[in-house]
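The block underneath contains the structure these notes are about, expressed in structure tokens.
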């Protein structure tokens, strides 16, 4: 019998058990007692037992073949281990750059219904970023870019660098997903759920969908991004459980 085409490049599952063991710093995922390696050759470890267990659960859930597309926590762990660990400054700069054009700063000029919705949803987040985080961002009306205060961007960068590699990876992922450093920080600090942050990030799109409807391709893309937002919340919750 021929294998399905989608399985041809996926490795066969080679292990029976996926467990978690404490190590010198953090917790290690082990497959039949041996740690899998990241693409960069690093052992698959996490700073908290809760996150390591969540990652191990993804490995346990695999069927005959290993499909990394169904393992978002594992993929983000690999990013933390291979990408962020050796590029913390650059990652923090990327997060600060998202603050420089943060989605929640850009309010529409019309229609009134959309502006009112943005006001109710985004203004509290800007106030929270200012009062709780010290990241004071300027509200903009329209789509033309406006530079944000340099001290605010430096503060966003500093907040990013306070995070460990795994939290920093989550912040970078969230800033890109939401188009907003403010929303990523809000999820990281438990101010928003992943679901709520995603809803705020696509407030404009949701408004347009109410007017014109939603096609199937856009609906699938939105659903995939919603799953990523949920994963990000689980990521930060597990990191905080250590």
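Given the criterion more than 21 Å from residue 121 (Cβ to Cβ) and buried (at least 21 other Cβ atoms within 10 Å of the Cβ), identify the matching residue among 183, 192, 168.
Residue meeting the stated conditions: 168.
Can you find even one residue in region 67-88 that is touching a residue at least 24 places away in the same chain (Cβ under 8 Å), farther than 21 Å from residue 176 by Cα, not in a helix (DSSP H, G or I) and not assigned by TED's automatic domain parsing to the domain that holds residue 200?
Yes: one or more hits.
Within the group 108, 92, 96, 80, which residue is under 19 Å from residue 26 (Cβ atoms) and surrounded by 15 or more Cβ atoms within 10 Å (Cβ to Cβ)?
Only one candidate qualifies: 80.
Given the conditions (1) crowded, with 18+ Cβ neighbours inside 10 Å; (2) in a helix (DSSP H, G or I); (3) more than 13 Å from the chain's Cα centre (by Cα), which single one is not true for residue 204?
Among (1) crowded, with 18+ Cβ neighbours inside 10 Å; (2) in a helix (DSSP H, G or I); (3) more than 13 Å from the chain's Cα centre (by Cα), residue 204 violates only (1).
Starting from residues that are under 13 Å from residue 75 (Cα atoms) and out of contact with any strand residue (DSSP E or B) (no Cβ under 6 Å at 6 or more places or on another chain), keep the ones in region 44-55 and report whichever is surrounded by the most Cβ atoms within 10 Å (Cβ to Cβ).
Checking each candidate, the answer is 51.
So for region 80-90 (the condition being within 19 Å of residue 170 (Cα to Cα) and in contact with a strand residue (DSSP E or B) (Cβ under 9 Å, 6 or more places away or on another chain)), does at least one residue qualify?
yes
Would you mention how many residues in region 208-236 are within 28 Å of residue 148 (Cα to Cα) and at pLDDT below 95?
Residues meeting the conditions: 1.
For region 133-157, give me the residue count where each residue is free of Cβ contacts under 8 Å to residues at least 24 places away in the same chain and not in a loop (DSSP other than H, G, I, E, B).
Result for region 133-157: 3.
The values are calculated or read from the model by the stated rules, or taken from the named source; none is laboratory data. Being a predicted model, the structure only gives us computed values, none of them experimental. Methodologically, a virtual Cβ is constructed for each residue, glycine included, from the backbone with ideal geometry; neighbour enumeration extends over all protein chains shown.
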